[in-house]
Amino acid sequence: MRRAGWMGSMLGLVALSMTAHAGSAAKRETFGTMPDGRSVDSVLLTNSHGLSARVIAYGASLQSVSVPDRDGHLADIALGYPTLKGYLEKPQYFGATVGRYANRIAKGRFVLDGRTYQLPVNDGPNSLHGGTRGFDKVLWTVAAVNHDADKASVTLTYVSPDGDMGYPGKLSVTAVYTLDDQDRLSIEYRATTDKPTLVNLSNHAYWNLSGEGSGSVMEQRLTIAGDAFLPVDAGSIPTGEIRQVAGTPFDFRKPKAIGRDIRIADPQLLNGRGYDHNWVISRKAAPAPRMVARVEDPRSGRVLTLSSDQPGLQFYSGNFLDGTTVGTGGHVYRQGDAFVLEPQLYPDTPNQPAFGSARLDPGHTYRNLIVYRFTTEPARSAR
């Protein structure tokens, strides 16, 4: 009997080991059908530690990201919809690729090489995330699905025609999502054009490290590697000032609960109904990704570390989630139930030369590499 028990235990350990060290995988499926009959693909990426990320071709969007907590329990930590219907009927940029220009352009207008271009306005008087039909609202092509022993990836492509949403130039865009065995989920955006244009792509994932639909993120602790931010006017357009965060509610240089200062009567928090501002990480893009933000969830122990090569980081505290959306797990999303961290160029850069340039010329390649790394921390002992 002892031998049988010993053998059973050994077999169980072998099975557990085989499961724990299974290779990465990428599974292609159908997520739904567009009104015109086109199929919407999804690809589920998994790694050998049990993490997974589902990417759907509509909007080249992250539909779900499942990550273990400190006790090994998996939860989906990205807000989304369970079916395509939600993305079509009530788009809210959940996990979406946003462009051609992520964030806002004042009055939907810019000048390039002496010519004025007018974009659709969809955020008061301004153009937001590419206009009324940005990259979040188009069907991308799943061009490749790959996996090997230590990573899985999906490559999506989209060609935006000359004049699309008012932007000049035919823009060819690639988004590559990769999940590896270092528990990193990376998104690499690349774009080329056939005539001078503007480009600023990012991902608009909404995160709740306790699990989507689990309630408020206000106790989750945020660090942002930026000494300054961009104040905005009442329409959320940067005023042009670069303001130091020291002594303001915008100082996240050390870990701080997202909600600690959010109710302070600061004019900037009133303008954004909370945080919806760009932090200055650097004055130009870096040659390689570096840490720009970190979020810790004391409840679950999950930690998200965000790296990027972009000069700006838009932090949004879920101010406009209004309790009218039912998400993936069947729960209602309310104000403050998620946060968004978007590495990108500064908002309204095309109209504010001091912010740099969003220009892309033929023969050059735009690139934004975003890396999310997921880890856990043990519970802190009470004092």
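Some points to look at:
- Accessible area expressed per residue, the chain, with surrounding protein chains retained (probe 1.4 Å, Å²): 43 Å²
- Cα-based reach from residue 85 at 18 Å (exclusive), listing lysines while leaving out same-chain residues under 8 positions away: 137
- Fraction of accessible area attributable to carbon and sulfur, the chain (%, probe 1.4 Å): 53 percent
- Highest-first packing order for the peptide set 30-36, 251-257 is 251-257, 30-36, based on the mean count of other beta carbon atoms within 10 Å.
- Model label sites at residue 270 and residue 332, defined 7 Å from Cα along the beta-carbon direction, differ in position by 2.9 nm.
- Each residue of segment 220-227 is assigned a 3J(HN,Hα), and the resulting list reads 6, 9, 10, 10, 10, 7, x, 8 Hz, derived from the Karplus form 6.51 cos²θ - 1.76 cosθ + 1.60 (θ = phi - 60°), x at Gly and Pro.
- Site pair residue 282 and residue 243 shows an inter-label distance of 2.6 nm when each label is modelled 7 Å from Cα along Cα→Cβ.
- A helix-only calculation puts the chain at -2500 deg cm²/dmol for mean residue ellipticity at 222 nm, using -39500 (n - 2.57) for each DSSP H run of at least four residues, averaged over all residues.
- Neighbour-limited loop hits for GluC sites (Glu not before Pro), segment 124-223 (at most 16 other Cβ within 10 Å; DSSP other than H, G, I, E, B): 219
- Euclidean distance between Cα centres, segment 339-383 to segment 203-238, Å: 12 Å
- Accessible area (Å², 1.4 Å probe, nearest 10) - residue 331: 90 Å²
- Mean shadow area of segment 172-235 over all directions, Cα convex hull, nm²: 8.3 nm²
- Dimensionless Rg over Rh [the chain; C-alpha; Kirkwood]: 0.99
The values are calculated or read from the model by the stated rules, or taken from the named source; none is laboratory data. Worth saying up front: this structure is predicted, and the values here are computed from it rather than measured. Because the Cβ atoms are built from the backbone with ideal geometry, glycine has one as well, and the counts that use them run over all protein chains shown. Only protein heavy atoms, including side chains, enter the accessible area calculation; ligands, DNA and RNA are left aside. Shrake-Rupley method; radii C 1.70, N 1.55, O 1.52, S 1.80 Å.
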